[in-house]
């Protein structure tokens, strides 16, 4: 079955979403409509329709004018093996001693690296992002400096990639929690796929609000790769549940947000020890001093 | 985890039968989204539905190529055509009648669609389905 596409760009998300809705009502009906932020830093939004027969050019021209969009680029997609194309693009990620890969790259794990199998699926944390990469590198540096985590938790674990990385280098049990039950299911599946079920316990929790989690405190290493707001909100509870001299590896914050996050953690006796900025994202390693 | 949403994609995917052919393959493949992981998760989530029922599905994808999906109930027109045992509605709704369904069937459809309808109660949902049936040239007996 042929696939035709009609793509255009707009200046704002609002107008892109409105055009996307309008495209859903076209005849012939599109089999799919997408609204995407272009990842080239231009700030432009792309709207694309997928059709099983050639789209109505007149209707598209009217939509262009109505939504002040660029002229639609129309094309018929070649019939290619999309699965192979995607797996070629989902390259493994190297982060210090860790090598994050999908099952299609299982034969590429170097002998001197620790391989972690993560499929790009329904939880964040595939390694293809500056925040995950930053946390893995921060962990690698801590371990290289002789730190050994004996009581570790990954708060907002997503795929549980950070918990698995810690479990791969240290012997003690590790907790991985997330507020999203889908992520917890994905985390459990990943932990099982990496033969780490006996070392990592995955549970659903909002921050430290879980009796099992509090019972395991205090922690000497906390990962929290979430977002600025939740990171700031979590600062008092994190400090309460950490050992003196323990570390917190925080990410999910933009470079310009780092000072605000640091300020809230200073107020809770956690001070900056290490920082790495990757792309637009910052990763902070803090130590609890009081 | 620090999800940053890049975009959303709306597709109509047959329950239990997602595969890499269009529209799933090209739409997801062009964005580098893991097609087989999507198909696996979608088919698992829709395994209790009637196979092949068209499910409007909203896929949100994030900077690290992970994604989430929201699967909605099939369109009212799908249920109405099925109840009336028709392949399509009337060519000229309002001028011709393509078939009929019962009030009990309207209620069944309203119950099946309730979660996705903007209705406070089942009676309100039935009115919405009734309107859809009329617009397809299907009368209610």
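Readers should treat all values here as calculations from the given coordinates under stated rules, not as data from a laboratory. Since the structure is predicted, the reported quantities are computational estimates derived from the model, not experimental observations. In this analysis, Cβ positions are derived from the backbone assuming ideal geometry, glycine residues included, and neighbour counts consider all displayed protein chains.
Values as computed for the structure displayed
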| read-out | value |
| --- | --- |
| Cα-derived Rg over Rh, computed across region A:113-155 with Rh taken as Kirkwood radius | 0.99 |
| Within a Gaussian network of chain A (alpha carbon springs, distance under 10 Å), most fluctuating of A:231, A:74, A:253 | A:74 |
| Exposure proxy order (Cβ contacts within 10 Å, fewest to most) of A:275, B:31 | A:275, B:31 |
| Among A:111, A:91, A:148, residue whose mean-square fluctuation peaks in a GNM of chain A (springs only between Cα atoms under 10 Å) | A:111 |
| DSSP bridge pairs, region A:166-251: antiparallel proportion in percent, nearest 5 | 10 percent |
| Shape of region A:116-237, Cα gyration tensor, a/c cut at 1.5 | rounded |
| Of every Cα-Cα pair in chain A, the percent that sits beyond 28 Å | 48 percent |
| Cα gyration tensor shape of chain B, rounded if a/c is under 1.5, else prolate or oblate by comparing a/b with b/c | prolate |
| Choice from A:155, A:83, A:261 showing the highest fluctuation, given a GNM over chain A with Cα pairs closer than 10 Å | A:83 |
| As computed over region B:45-127, the Cα convex hull volume per residue (Å³) | 144 Å³ |
| Ranked list, fewest to most other Cβ atoms within 10 Å of each Cβ, for A:13, B:87, A:228 | B:87, A:13, A:228 |
| Helix-only CD estimate at 222 nm, as mean residue ellipticity for chain B, using -39500 (n - 2.57) per DSSP H run (n ≥ 4) | -10500 deg cm²/dmol |
| Mean ellipticity per residue at 222 nm, deg cm²/dmol - from DSSP H runs of n ≥ 4 across chain A, formula -39500 (n - 2.57) | -10000 deg cm²/dmol |
| Inter-centroid distance (Cα atoms) of region A:98-117 relative to region A:141-171, Å | 18 Å |
| Taking A:242, B:126 and counting other C-beta atoms within 10 Å, the order from fewest to most | B:126, A:242 |
